[in-house]
Structure formats: structure tokens, C-alpha cells
Amino acid sequence: MEFDGNEELEDLAVLNFLNRGIPRTVYQRQNFFDVMDDISFRKRFRLSRQSVLQILMMIDEELEFPYDINNAVSPMNQLLLCLRYYSTGGHLQAIADFSGTHVSTACRIMKRVTEAVARHSSEFIKFETDQHFMKKRQQDFFEIASFPRVSGAIDCTHIKIQSPGGNDAEIFRNRKGYFSINVQMVCDRNLKILNVVSRWPGSAHDATIFTHSRLCREFESNMFQNCLLLGDSGYGIKNYLFTPLLNPITEAKQLYNESHIRTRNPQPVLHNIAINMGEEQPPPLPEELEEHILEQLINEKQIPRVPAMSSYVQAIFAVVLFNTLGLRLVFQSLFL
């Protein structure tokens, strides 16, 4: 019986695969913490280097591998991988490619880092009972629209999830038609989170979540004397929880609603760390900066200087832009 040469080669390939297994892939990783300028770093990870270092100091021991072998992912790269996912909400494959890891490794790292950060929640998310802190919060809220005794603003938000499957999957479908977890939060004037309840399915009503929360029991037991919460009309009115009036007719009622809305409309662990570190909103993109400010940032090495393009390269660049973005953007790119 004669065998085709191609079949013999295929058989040899199969035998080699069975003997040696799947070829190992060694991923190349960049040290984003060191190579990126400040603006690029904050743009991609939504936190400054100082805040990232503080978070890493908290969880470094939990992320460190016992042996630095087999191309182990460093604690810093593990944290940045997770922050990249938090800041973009992108696909896991894209996050893995960005970080130089296999997708399964990225999945395990995200779970590991998230659990490590969550274990510090009691240090940063707490509704202070000390009278000094309570009065400070009330004064901060009062300065907005003269609404007295307010110690926090309460509301719920839906965090989208995949269908959990099983017989009870539909209880996670919210009124907007998608699967979610309805998360209750209480924050102060600076949007610092004071209390979180994140265990209810999307179909649960905001008032139901609050009624069954420990915070509600503490207010009912008069633990927080002379303190108020501000909520929307989805909550029932209580002597410690005020909501807007539905049909304000008199001037006094309209003034109450205006003060309520302005006070209430002024995010867990990482958010509060950013506030404690004095993090500002992410900086504007370079194209949004004025020319003299952009030049100053370049001189301070916060933005890398890009060499000027030759006229030939500019012409090619213009043709590409014309084919993709249109004539208006071409003129902007050439004459700005």
C-alpha cells in the first residue's frame, strides 16, 4: 500500500504535537508605569501614578508570586491590567493584548486584583458616625443650596451583566430590558461613597433595597440623630429621608424642590482613593489644549515631542485622510 508524501508529513506533525504538546508562547510586556508620560498614563488608566502606587502598596503582597519564574506578571502590571479594564470596559481579549498576556491569564488576574482591592472596602467606604464628620458633611451640603441637616445623597444604579442563566435568571432583568445588578450608593457632597449595597438583582426596586439595608435599620434606630438623606421620588418619605414634591404649587414648595434638586445632584474603593489623593478630572486631550499650554507640557516632558513631517509625508497623509475622513479634516490637518 502506497502512502502520499503529504499524508506522511501530516502524520509526523500530529506525532510531534502529541509528543511535545502545544508550543509555548512568550508574551512581550511593556512597563507602562515607566514609559508613559503623565497625560497618556491618566488617559489610559484614569488615575495618576501617585494613586496607582498607593493602591499597589495596599495589595502588593497579595499579588506577588512566590517565585519569579515562567515570565510571571509583576504586581504593577497586574494592577494596570485591571485598571485598564475598569477604565474602558472593553473586551477581555483586547485587554489581554494590551497587557501582553493570554486571555485566560488576564481573566484570573482581574479576579485576583478585584478581590484584593475589595478586601480594603471597609477602610474607604464607611458612613462615619463621629459627630465631627457628620457636622462637616452637613455643612458641605448646606453650602450648596441651604438645605439643612443633609448627611448623604442616596440613589441606585444598574450595573449591566450577562444573563446568569438558570431558573432565576429573569429576576436580574430590569425595567429597561437588560440583565443587571441594582446597586445602591450613598455619597457626600464631593461624591465620595459612604455606603454601598450591591447584592440585589436588576428587577428589585430602589425602595425595596433601602428598606432591607443595614443603613435603613440604623436610621430607624435613631443611630444618626438630626441627620437626613436625600433621595428621588422612587423612595418613600420618612422623617430621615426626604424626596422631591411631585406637584409643587406654592412658592415655599417650589423653593424646597429647587434646594433639594441642587443639593442632591452635585462613585467604591478606587473612586474614594482618587478623591483622597486629590485626583482631578482626567486632563483634556492635547488637541483641546491651547497652543502655549501644549508647548509648556512638551517642554516639561509631559507630552513627547513628535518630529515635524516632511511635505511629502504630509501629502500622503492628506490623501489618506481624504479617503477616510473627508475634505474638511484634510484641511484641518494641513493648516492648523
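The values are calculated or read from the model by the stated rules, or taken from the named source; none is laboratory data. The structure presented is a predicted model; accordingly, all values stated were derived computationally and were not measured. Counting neighbours? That spans all protein chains shown, and the Cβs are built from the backbone with ideal geometry, glycine included.
Would you check if there is a residue in the range 207-218 being more than 27 Å from the chain's Cα centre (by Cα) and farther than 27 Å from Phe172 by Cα?
Checked the range 207-218: at least one residue is more than 27 Å from the chain's Cα centre (by Cα) and farther than 27 Å from Phe172 by Cα.
Taking Leu191 as the residue in question, decide whether it is under 23 Å from Glu143 (Cα atoms) and either in a loop (DSSP other than H, G, I, E, B) or not assigned by TED's automatic domain parsing to the domain that holds Phe141 (or both).
So Leu191 fits the description; yes.
Out of Val196, Val186, I need the residue that is crowded, with 18+ Cβ neighbours inside 10 Å and of a type in the set (A, V, I, L, M, F, W, C). Which one?
After ruling out the rest, the residue left standing is Val186.
With respect to Ile144, determine if the residue is touching a Pro at 6+ places or on another chain (Cβ under 7 Å) and assigned by TED's automatic domain parsing to the domain that holds Phe210.
It is true that Ile144 is touching a Pro at 6+ places or on another chain (Cβ under 7 Å) and assigned by TED's automatic domain parsing to the domain that holds Phe210.
Regarding the range 140-160, can at least one residue be identified that is within 21 Å of Pro201 (Cβ to Cβ) and in contact with a helix residue (DSSP H, G or I) (Cβ under 6 Å, 6 or more places away or on another chain)?
Checked the range 140-160: at least one residue is within 21 Å of Pro201 (Cβ to Cβ) and in contact with a helix residue (DSSP H, G or I) (Cβ under 6 Å, 6 or more places away or on another chain).
Residues that are closer than 25 Å to Glu123 by Cα, at least 3 per element: which helices (runs of 4 or more DSSP H) completely within the range 25-109 meet that?
In the range 25-109, 49-63, 75-88 are the helices (runs of 4 or more DSSP H) which contain 3 or more residues that are closer than 25 Å to Glu123 by Cα.
Test of understanding: among Arg173, Arg119, Arg137, Arg112, which residue is of a type in the set (Lys, Arg), at pLDDT 90 or above and exposed (fewer than 14 other Cβ atoms within 10 Å of the Cβ)?
Result of the check over Arg173, Arg119, Arg137, Arg112: Arg119.
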